[in-house]
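Below is one structure; the comments refer to it alone.
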Amino acid sequence: MSYLVLSVQNIKHYIGERLLFSLPGAELYRGDRIGIVGVNGAGKTTLLRVLAGLAAPDEGSVAAHGSRFFMSQMEGSDAVYLTDNTGYSGGERVRARMAAAMAERPDLLLLDEPASHLDDETRGALLQFLKRFPGALLLISHDRYLLDELCGEIWELADGQVTRFSGGYTDYQDAKRAKFESDMEAYAAYTEKKRQLLRAAEGQHAAAERFQNGPMTPFYRGKGRAVEKKAQALRTRIEKLPEAARPRELGRIRVDFDPRELPVSRVPVRVERLHLAPFGRVLLEDVSFSVASGEKVAIVGKNGCGKSSLLEHILRGGEGVTLAPGVRFGYFSQRLDALDDNKTLLENVMSTTRHPESFVRLNMSRLWIRGEDVHKKAGVLSGGERVKGCLAKLYHSDANFLLLDEPTNFLDVYAMQALQEALEAYPGALILVSHDRALREAVCSRELDLFTETAKV
């Protein structure tokens, strides 16, 4: 017998006058696996909070028929983007929060980006736990593999509406593509029929004018009126054609890193016999490596091994690190603490750039930070919006060497692809820490696993 854990009745939620989302109705039963997708800022986290009972919908109702456990993306004192002085990595903190979820044994588990910050091994363990979890699962994720492996249904949040698709992420993409192609065919047929009728109406109208401009005889006047009547009938047919709107293609996101001046040295960063032991914990011992001009290097290793600490040590030019003249670092922290929560997105970017506001706003629009969104306070942003804000601030700076610590966490698939293309085209050198293997392989020419007992490069 199926066990009902959640029922939804005609819920709507607004931000001011704008409809953030509408979900006519849904029932969730034990064993259901539902993925929620949509672009950054669409309202996915707010929807999940409403379903978790942490926020009330403006209309409709949500009824729980069992216990619920909600794991937030980045809220509360344990938020992974906040500065943490414990020495624990983002992945270690996420694992601790998942352990708390397991201990609760809820009937409904609601997860907001659970795979963010996790290394490959921990992602695999998370997947196996979620497969074994007996209750219902609702998760927001941009991890296509996770969605395909887990989900039997995808909810897409777009333009204020929740649309449900059967199957995993690949099935959802196939269905979206098939619908787009069908809508394009319907639109093409509509526009072609309208064009034919317009051309015919114009021909009939021109003929009517010729008759009316001919000899002023009853025959010509009658013929002109008859032909004009046909032209009017064609116009009426055009007006009554079932309209087919052109299907909207999701706009293309662009991320541009354009350093004004690259370092002259052939080796802008050199690390020699580095000993790294933050918080009294030895991470690296006698490690050496260098990064050549224009080289793109990935640093890999398990959660908690010290990758973020290494990037921060290089950023400070700490002991054992030699920087060539002219190196200007651009640092992306996985804590997303580059933004002042009390300032708007635009104010944050303008505070560290030499570019005029018109140029900045144009480039922010390419990240889909548009219109009034530039005036959002950083403190109210979703994870993906915050990442885009940090990226906007970074690529409007004068940085010519990038240090990137998990830049794809919380990004939607469109923004992830745009970032990948931008880093591939970036002319300067960079060091990348990312658990996204596809990103590492596409961008970097070399991977360094420094965090082993025998590692010396």
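The values are calculated or read from the model by the stated rules, or taken from the named source; none is laboratory data. Quick caveat: nothing in here was measured; it's all calculated off a predicted structure. Here Cβ is always computed from backbone atoms with ideal geometry, including for glycine, and neighbour counts include all displayed protein chains.
Before moving on, here are some points about what is shown:
- Candidate set: the range 394-411, residues that are among the charged types (D, E, K, R) and surrounded by 21 or more Cβ atoms within 10 Å (Cβ to Cβ); chosen: the one nearest to the chain's Cα centre (by Cα): E406
- In the range 304-325 there is no residue that is in a strand (DSSP E or B), under 24 Å from the mean Cα position of the chain (by Cα), at pLDDT 85 or above and farther than 27 Å from R437 by Cβ.
- Of all the residues in the range 27-76, those that are closer than 23 Å to A99 by Cβ, of a type in the set (S, T, Y) and either outside any helix (DSSP H, G or I) or out of contact with any Asp or Glu (no Cβ under 9 Å at 6 or more places or on another chain) (or both) number 2.
- Just one residue in the set S293, S288 is polar (S, T, N, Q), part of a strand (DSSP E or B) and either at pLDDT below 85 or assigned by TED's automatic domain parsing to the domain that holds W368 (or both); that residue is S288.
- In the range 156-178, the residues that are closer than 14 Å to L19 by Cβ reach residues that are of a type in the set (F, W, Y) with C-beta atoms within less than 9 angstrom, at least six apart or across chains, in these pairs: L157/F21; G160/F21; Q161/F21; V162/F21; V162/W155.
- Checking each residue in the range 362-377 for being touching a helix residue (DSSP H, G or I) at 6+ places or on another chain (Cβ under 6 Å) and assigned to a helix (DSSP H, G or I) picks out M364, V374.
Results for (1) more than 26 Å from L336 (Cβ to Cβ); (2) of a type in the set (S, T, Y); (3) modelled with pLDDT of 95 or more, shown as yes or no for each residue.
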position: S2; (1), (2), (3): yes, yes, no
position: I15; (1), (2), (3): no, no, no
position: V39; (1), (2), (3): no, no, no
position: A42; (1), (2), (3): no, no, no
position: M71; (1), (2), (3): no, no, no
position: M74; (1), (2), (3): no, no, no
position: T83; (1), (2), (3): no, yes, no
position: A99; (1), (2), (3): no, no, no
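- Remark: V380 matches the filter, which requires a residue to be of a type in the set (V, I, T) and either closer than 16 Å to V300 by Cβ or out of contact with any helix residue (DSSP H, G or I) (no Cβ under 9 Å at 6 or more places or on another chain) (or both).
- Considering (1) surrounded by 12 or more Cβ atoms within 10 Å (Cβ to Cβ); (2) farther than 30 Å from R354 by Cβ; (3) modelled with pLDDT of 70 or more; (4) among the acidic types (D, E), the lone condition that E239 does not fulfil carries the number (1).
- A200 falls short on exactly one of the conditions (1) surrounded by 13 or more Cβ atoms within 10 Å (Cβ to Cβ); (2) outside any helix (DSSP H, G or I); (3) modelled with pLDDT of 70 or more, and that condition is (2).
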